[in-house]
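Just below is one structure, and these are the notes that go with it.
The values are calculated or read from the model by the stated rules, or taken from the named source; none is laboratory data. This is a predicted model, so every value here is computed, not measured. A quick note on method: Cβ atoms are made from the backbone with ideal geometry, for glycine too, and the neighbour counts reach across all protein chains shown.
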């Protein structure tokens, strides 16, 4: 998605591409046994919430973005824990690199 996070003014002015990976731990036994969509996470709604969360309120750090996304994911019923990786492939670094990324793992009861 496209957002305006970063330490430098030009990052916030121009914006840049971010890639977000979200993994969820959800008890799927009941949903799978009954083939019941309402007993699991609606992934389209989760994706929309993540996009809205990433696009709002620019911050300096991708760590802050990752924490924001983890909080969003844990807000969905049935989500026990989440692993969120925020990729910033076009980070303004004077070196050859493929990606800059940070990963956080959080659980409904606190840090994982």
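Take the residues in the stretch 56-67 that are under 11 Å from the mean Cα position of the chain (by Cα) and closer than 14 Å to residue 4 by Cβ, then tell me which one is surrounded by the most Cβ atoms within 10 Å (Cβ to Cβ).
65
Can you tell which of 78, 6, 53 is at positive phi and either crowded, with 16+ Cβ neighbours inside 10 Å or under 10 Å from the mean Cα position of the chain (by Cα) (or both)?
On the way: 78 fails: either crowded, with 16+ Cβ neighbours inside 10 Å or under 10 Å from the mean Cα position of the chain (by Cα) (or both); 53 fails: at positive phi.
None of the other options fit; the residue is 6.
Which numbered condition in (1) assigned to a loop (DSSP other than H, G, I, E, B); (2) over 25 Å from residue 109 (Cβ atoms) is the only one that residue 10 fails?
With respect to (1) assigned to a loop (DSSP other than H, G, I, E, B); (2) over 25 Å from residue 109 (Cβ atoms), residue 10 is out only on (1).
Looking at the stretch 79-112, which of its residues are part of a loop (DSSP other than H, G, I, E, B) and touching a strand residue (DSSP E or B) at 6+ places or on another chain (Cβ under 6 Å)?
90, 99, 108, 112 - these are the residues of the stretch 79-112 that are part of a loop (DSSP other than H, G, I, E, B) and touching a strand residue (DSSP E or B) at 6+ places or on another chain (Cβ under 6 Å).
From the list 46, 24, exactly one residue is assigned to a strand (DSSP E or B), at pLDDT 90 or above and surrounded by 13 or more Cβ atoms within 10 Å (Cβ to Cβ). Which is it?
24
Scan the stretch 27-43 residue by residue and report those that are farther than 19 Å from residue 84 by Cβ and assigned to a helix (DSSP H, G or I).
29, 30, 31, 32, 33, 34, 37, 38, 39
Please indicate, with yes or no, whether at least one residue in the stretch 50-66 is in contact with a strand residue (DSSP E or B) (Cβ under 8 Å, 6 or more places away or on another chain), at pLDDT 95 or above and over 16 Å from residue 17 (Cα atoms).
The answer is no; no qualifying residue exists.
Exactly one of (1) in contact (Cβ under 8 Å) with a residue 40 or more places away in the chain; (2) under 15 Å from residue 107 (Cβ atoms); (3) in contact with a helix residue (DSSP H, G or I) (Cβ under 9 Å, 6 or more places away or on another chain) is unmet by residue 72. Its number?
In the conditions (1) in contact (Cβ under 8 Å) with a residue 40 or more places away in the chain; (2) under 15 Å from residue 107 (Cβ atoms); (3) in contact with a helix residue (DSSP H, G or I) (Cβ under 9 Å, 6 or more places away or on another chain), residue 72 misses (1) alone.
When you scan the stretch 69-78, do you find a residue that is at pLDDT below 95 and part of a helix (DSSP H, G or I), even just one?
no
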